[in-house]
Amino acid sequence: MIDTAIVDFATAGFVLVAGLLCALFDRRSFEWRWLLAAVGLVLVYNFLLSRGYGLVPRIPGGSWNWTGMALAFVGTLALAALPGLGWRRAGLKLAQRPGSLKIAVPVALIYCLCPIAIALIFGGSEANPEAIAFQGTLPGMAEEVFYRGVLLLALDQAFHGRLRLLGVQWGFGAVLSCALFGLVHALSYDAGSFGVDPLTFVLTGAPSFVAVWLRYRTGSVLLPIVVHNFGNSIQMAF
C-alpha cells in the first residue's frame, strides 16, 4: 500500500503543479483556493479508492476492488453535497439540457466505437461473471461522478477563462481533469522509481475529452457513465 500512497500523492501533486503552471496563462481569472480544493478532492478520492490504504477490508472472495470503488462513489456523492459544489452544479442529475441529446447521443455512439477498436487492435480482457458485473457498473459510476463531475467543477471554478469550441466552453479545468485521468491509469511506482506507460496515458486521457464534452453539452454525467461502462464491458467480448 506504500507504493499506492506514493502514486496517489504524486497525482495530487501533478494537479497542484500543473494547475499553477496553467495559472501563469490565466492569472486574472485564477482562483487558487479552488485549485487547493481540487488537490484535496483528489487526495480524498484516492484514499477512499484504496480502502483507506488497506484499513477497510476487501469483500471476501472478490477479485475486483468492489469496496474501494463503492467507497469512492459514495464518498464523492457526499463531497458533491458540500457548500460551493452541489449535485446539480457537478452534473449529478438525470435531467439532460433541453435539446442536447440530438447531438450528444450520436457523439456517444461514435465514442463507443473507440473501445471496440482498441479491443480489436490490442485484444480484449478476460471475462467472467464477476468481471462483467464489476466493469459494467462501479468504475464508470465512481470515476465519471468524480472526474467529470466534482473534480471538473472544482477545476472550472479555479480557472474561469473559456474558449468556445465544438459548441461548449472549454477551460484549463477540462485539460487538467483529462490529463489527470490518463495519468492515474498510466503512472506506477516500483523499486523506488516512477514509470509512465505512454500508450495507456493516451488511450485513457484522450477519450476523456469526449466524456467532458458530453458532460458540458448535456449538463449531466449520465451519458459519460453509460459510455464508460460500455467501454469497460465491451472489451471482454473480444
Residue check for F230: at pLDDT below 95 and among the aromatic types (F, W, Y): yes
Failed criterion for I103 (all others in (1) crowded, with 16+ Cβ neighbours inside 10 Å; (2) aliphatic (A, V, I, L, M); (3) touching a residue at least 24 places away in the same chain (Cβ under 8 Å) hold): (1)
Flag for F146 being within 23 Å of L77 (Cα to Cα), modelled with pLDDT under 95 and either in a helix (DSSP H, G or I) or touching a helix residue (DSSP H, G or I) at 6+ places or on another chain (Cβ under 8 Å) (or both): no
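Yes/no matrix, rows are residues, columns are (1) in contact (Cβ under 8 Å) with a residue 40 or more places away in the chain; (2) not aromatic (F, W, Y):
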{"site": "L163", "(1), (2)": "no, yes"}
{"site": "G167", "(1), (2)": "yes, yes"}
{"site": "F172", "(1), (2)": "yes, no"}
{"site": "C178", "(1), (2)": "no, yes"}
{"site": "S188", "(1), (2)": "yes, yes"}
{"site": "A191", "(1), (2)": "no, yes"}
{"site": "V196", "(1), (2)": "no, yes"}
{"site": "L199", "(1), (2)": "no, yes"}
{"site": "G205", "(1), (2)": "no, yes"}
Meets criteria (more than 23 Å from T4 (Cα to Cα), touching a residue at least 12 places away in the same chain (Cβ under 8 Å), surrounded by 18 or more Cβ atoms within 10 Å (Cβ to Cβ) and under 20 Å from the mean Cα position of the chain (by Cα)) for F159: yes
Residues of region 104-125 that turn out to be in a helix (DSSP H, G or I) and within 25 Å of V150 (Cβ to Cβ), as a count: 7
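The values are calculated or read from the model by the stated rules, or taken from the named source; none is laboratory data. In this text, all values refer to a predicted model and were calculated from it rather than measured experimentally. Glycine gets a Cβ as well: all are built from the backbone with ideal geometry, and neighbour counts include every protein chain shown.
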